[in-house]
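Input: a single structure, listed below in C-alpha cells.
The values are calculated or read from the model by the stated rules, or taken from the named source; none is laboratory data. Just so you know, these numbers come straight off a predicted model, no measurement behind them. Neighbour counts run over all protein chains shown; Cβ positions are idealised from the backbone, glycine included.
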C-alpha cells in the first residue's frame with residue numbers, strides 16, 4: 001500500500017493562493033510582517049484543511065524561540081501534588097498557552113537559595129520565559145534574570161524588585177478575613193500561616209492579620225501565631241499547639257484552606273465544636289471548602305484568572321512588548337459559610 005505523501009508548506013501556499021514566504025510568516029507568527037488579516041485567515045484555513053503543522057525545530061530556528069515557557073513552583077513535589085489550588089492556576093496558564101501555540105515545562109524547585117535548577121533552563125535556552133509561582137525573599141536568581149532582560153512573570157510579588165507580577169492583595173485580604181472575626185465579637189484570635197515566612201505571600205498575610213488587630217485596639221501576641229507548611233498535617237500540628245495555650249482562643253485565621261482542614265480536625269479531636277467553641281476562617285476557597293463539616297468561611301482567590309493573566313503577560317513580554325514593572329492585582333472575596341458562625345454572605349476586596 002502506498003504511503004501518503006507528507007503535506008508541505010508549498011501545498012498550503014497553493015491552497016491559499018499565496019507565496020511560501022507568506023505561509024512561513026503566518027504560521028511562525030513573525031512579528032511586524034505586513035500581512036492582512038484576510039490573508040492570514042486564508043493561510044490558517046488552508047493549513048487546517050490540509051492538516052499541516054509547521055515543523056517545530058524549523059519554527060524554533062526561524063524565530064530563535066522554543067515556544068516553551070517554564071512554570072516554576074517553589075515547593076517540594078509532595079507539596080505540589082497536595083495543592084488543591086494549583087490545578088485551577090494551571091488550567092488558566094494552559095488555556096492561554098494552547099491558544100498561542102506555546103508549551104509548558106513544569107519544574108519544582110524546593111530550595112531557591114541553593115539550587116540553580118531553573119537558571120539552567122535559561123542558560124541551556126530550553127525556554128523563552130518563566131512564570132514563577134510562590135516567590136521567596138531569599139531567591140537571589142530572579143534579580144539576575146531581570147538584569148539580563150529575560151522574560152519573567154511572578155505569581156506573587158517581590159517588593160522593590162521591579163519584576164512583573166500577577167497577584168492578589170494578600171495583606172488586604174488577610175486583614176479583611178481577620179476583621180470579619182473581630183466584627184463577630186472575637187478578641188482572642190490566633191493565626192496559622194500558609195507557609196514559612198520566607199514566602200512573600202505568607203509575610204503579607206501575617207501583616208494583614210497584625211494590621212487588623214492593631215486598627216481595632218487588639219494587641220499583637222506572637223504566642224498566638226503558628227507557621228504552616230502548605231499541608232493539612234502542618235495545620236493539625238499548629239492547631240494542637242494553639243489549643244495548649246492557657247487562655248483559650250475563640251477564633252483562628254488560617255491563611256490556607258488545606259492548612260485549615262488540618263486545623264479543623266485538630267479542633268474536633270479535642271472534642272470542640274466549630275464555630276461554637278472556635279470560629280475559623282481560611283484562605284483560597286478551594287473546591288473542598290464548601291464540603292467540609294462545617295463548610296469553611298474563606299477568602300476566595302481567582303486561581304484560574306491568576307494563571308491566565310500571568311501567561312498572557314509573559315507571552316506579550318516574549319513577543320517584544322515592554323512590560324517591565326507591570327503589576328496586576330486581581331480581586332478577592334470573603335465567602336462566608338458556617339465555620340465562622342454566619343453563612344450565605346460575601347464581602348469583596350479589589
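Laid out as a table, the results:
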quantity: Unmet requirement for residue 282, which otherwise passes all of (1) outside any helix (DSSP H, G or I); (2) surrounded by fewer than 17 Cβ atoms within 10 Å (Cβ to Cβ); (3) within 18 Å of the chain's Cα centre (by Cα); calculated: (2)
quantity: Any chance residue 317 is in contact (Cβ under 8 Å) with a residue 12 or more places away in the chain, over 20 Å from residue 202 (Cβ atoms) and surrounded by 24 or more Cβ atoms within 10 Å (Cβ to Cβ); calculated: no
quantity: Selection status of residue 107, in a loop (DSSP other than H, G, I, E, B), at pLDDT 70 or above, within 30 Å of residue 330 (Cβ to Cβ) and in contact with a strand residue (DSSP E or B) (Cβ under 7 Å, 6 or more places away or on another chain); calculated: no
quantity: Among the residues listed as 260, 303, the single one being modelled with pLDDT under 95 and crowded, with 21+ Cβ neighbours inside 10 Å; calculated: 303
quantity: Any hit, the range 239-248, residues being closer than 21 Å to residue 199 by Cα and touching a residue at least 60 places away in the same chain (Cβ under 8 Å); calculated: no
quantity: Conditions (1) at pLDDT 85 or above; (2) at negative phi; (3) in contact with a helix residue (DSSP H, G or I) (Cβ under 8 Å, 6 or more places away or on another chain); (4) surrounded by 16 or more Cβ atoms within 10 Å (Cβ to Cβ); number of the one not met by residue 47; calculated: (1)
quantity: Checklist (1) assigned to a helix (DSSP H, G or I); (2) crowded, with 18+ Cβ neighbours inside 10 Å; (3) out of contact with any strand residue (DSSP E or B) (no Cβ under 9 Å at 6 or more places or on another chain) applied to residue 229, failing item; calculated: (1)
quantity: Residue match in the range 173-190 (condition: touching a strand residue (DSSP E or B) at 6+ places or on another chain (Cβ under 6 Å) and modelled with pLDDT under 95); calculated: no
